[in-house]
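Undergrad: Just dropping this structure here.
The values are calculated or read from the model by the stated rules, or taken from the named source; none is laboratory data. As the structure is a prediction and not an experimental result, all values here were calculated from the model. Virtual Cβ from ideal backbone geometry, glycine too; neighbours counted across all protein chains shown.
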Amino acid sequence: MIDAVIPLQGQIAGRIEQLEGDKAKATSASHRKKLQKEQDDLKKQQTELLTFEEKLKHAADQKISLDLNDGVKVNYAKFGDLLADSRRFAERKRTIEPWMTLNARIMKTDRTKRLL
């Protein structure tokens, strides 16, 4: 899972930087405001992702052993709030852009720039 978190952090940081440049080039206040909102949302997502990564690393360092005979509830509890946070993140997918969509948008923007 950590392998998915690290590239996502780079993608978000790149998009935030790109939005900063786009804001400087924006010709209307409404467009600048829209870009600022997207940038603010991404910064919030970036902060949440950093917190999640820290918790994930901590859980990985503990090398938690799971016993299938204990059942889901007991094993789930061993991870503390790590799983609760990931579930909350998934539930908020309507307000926070999913990373696959973000990645697709970044790739599309990169392709457009190459064509210009």
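Undergrad: So which residues in region 30-54 are closer than 20 Å to G80 by Cβ and free of Cβ contacts under 8 Å to residues at least 12 places away in the same chain? Before you say what the answer is, go through the steps one by one.
TA: First pass over region 30-54, keeping only residues closer than 20 Å to G80 by Cβ: 47-54.
Within region 30-54, T47, E54 qualify.
Undergrad: For region 1-106, give me every one of the helices (runs of 4 or more DSSP H) that falls completely inside it and has 1 or more residues that are charged (D, E, K, R) and at pLDDT 85 or above.
TA: Helices (runs of 4 or more DSSP H) meeting the threshold: 2-25, 29-62.
Undergrad: Give region 34-70 a look and list any residue that's of a type in the set (K, R), more than 22 Å from V5 (Cα to Cα) and surrounded by 12 or more Cβ atoms within 10 Å (Cβ to Cβ), or say none.
TA: Selection gives K34 alone.
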